[in-house]
Amino acid sequence: MTTIGVITRGKYGKRLISNLLTRTDMKVLSAEVPEHLPDFIDEPEEFLEQVAMDRTVFNAEIVITYSLHPDLTPQIAHMAGRAGVRGLIVPGGASKAPVQELKRISQEYGMYIEVEDICCTLSADSAICEFTDKLSRPLLEITTHEGKVAEVKVIRGAPCGSTWHMAEELKGVSLKDAPAKAGLLIQQYPCRAVRGNKGGIHESAQLHKDAVLKAIEKAALKK
């Protein structure tokens, strides 16, 4: 059984833990960092000791850190590397993490590190595939009846859980309207992705719209 470590910060990361426990058979370890952090942390290792972050979170094959802080995240990456973690996922994008420094840490420990704005675009790298096979880019199977969506089976969904919410709400929607409805449902879901620009929640909405369209096309070929 694969063990996933999740480092939370306030509300960030808790929905992922819930989905790991309800949607997968993976074991979950968790630790937290304070929700409110100073802008600059000169001694991140000492800081993490002071806040008593639970280091057993690194007894995992894959760690996802929602530290969302350019000083703390590299220190967490060092700790993960020293503990033998195979893959580290860093949500929040480059604005929350020093990408070049993380690349050096990745090379130092031979640990795969991926920094992503939204976790439904994670790669399928072998270091994190146990996670991304179940929680990443949406993959669906759709059953149709009389021009409407009868059932949506989520093969793989977004770590935040939005895919399952969308799947439930699409039942009974006309096939013509379903892709656009899917995108709207994703944007209405309380995902933590950035809003107000071309990426973030809008990219996630487009991914789900495309997934629904492909699933409908595949369903049509079976008839």
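The values are calculated or read from the model by the stated rules, or taken from the named source; none is laboratory data. Note that this is a predicted model, so its numbers are computed, not measured. Note: ideal-geometry Cβ built from the backbone for every residue, glycine included; neighbour counts use all protein chains shown. In case anyone asks, the SASA skips ligands and DNA or RNA and just uses the protein heavy atoms, side chains included. Shrake-Rupley method; radii C 1.70, N 1.55, O 1.52, S 1.80 Å.
Between LEU140, LEU72, the distinction of being more than 16 Å from the chain's Cα centre (by Cα), in contact (Cβ under 8 Å) with a residue 40 or more places away in the chain and crowded, with 23+ Cβ neighbours inside 10 Å belongs to LEU140 only.
Scanning the range 115-137 for residues that are under 11 Å from the mean Cα position of the chain (by Cα) and of a type in the set (D, E, K, R) yields GLU116, ASP117, LYS134, ARG137. Without any contact (Cβ under 8 Å) to a residue 60 or more places away in the chain and more than 17 Å from ASP210 (Cα to Cα): does that describe HIS145? Answer is yes for this residue.
Can you say whether GLU168 is in a strand (DSSP E or B) and over 30 Å from ARG86 (Cα atoms), as far as the supplied structure shows? When the stated conditions are applied, GLU168 does not pass them. Looking across the range 91-137, the residues that are out of contact with any Cys (no Cβ under 8 Å at 6 or more places or on another chain), outside any strand (DSSP E or B) and hydroxyl-bearing (Ser, Thr, Tyr) come down to SER95, SER106, TYR109, THR121, SER123, SER126, THR132. A residue that is at pLDDT below 95, over 16 Å from the mean Cα position of the chain (by Cα) and part of a loop (DSSP other than H, G, I, E, B) can be found somewhere in the range 197-218. Scanning the range 110-163 for residues that are of a type in the set (Gly, Ala, Ser) and under 22 Å from TYR12 (Cβ atoms) yields SER123, SER136, GLY157, ALA158, GLY161, SER162.
The condition (being open to solvent by 20 Å² or more (accessible area, probe 1.4 Å) and either under 18 Å from TYR12 (Cα atoms) or modelled with pLDDT under 95 (or both)) is satisfied by just one residue among SER95, SER106: SER95.
Total residues in the range 9-37 satisfying the condition of being farther than 30 Å from ILE155 by Cβ and among the β-branched types (Val, Ile, Thr): the figure is 1. Which of the residues spanning the range 199-218 are surrounded by fewer than 21 Cβ atoms within 10 Å (Cβ to Cβ) and polar (S, T, N, Q)? The answer is GLN206, and nothing else. For the range 13-25, a residue qualifies if it is of a type outside the set (A, V, I, L, M, F, W, C) and either open to solvent by less than 10 Å² (accessible area, probe 1.4 Å) or in contact with a Gly (Cβ under 8 Å, 6 or more places away or on another chain) (or both), and the qualifying residues are GLY13, ARG15, SER18, ASN19, ARG23. Under the condition of being under 20 Å from LYS11 (Cβ atoms) and either of a type in the set (A, V, I, L, M) or open to solvent by less than 10 Å² (accessible area, probe 1.4 Å) (or both), the residues counted in the range 26-47 number 5. Taking the criterion of being open to solvent by 10 Å² or more (accessible area, probe 1.4 Å), within 22 Å of the chain's Cα centre (by Cα) and not aromatic (Phe, Trp, Tyr), the residues of the range 160-178 that qualify are CYS160, HIS165, GLU168, GLU169. Look at (1) assigned to a strand (DSSP E or B); (2) surrounded by fewer than 20 Cβ atoms within 10 Å (Cβ to Cβ) and you find that LEU88 fails only one, number (2).
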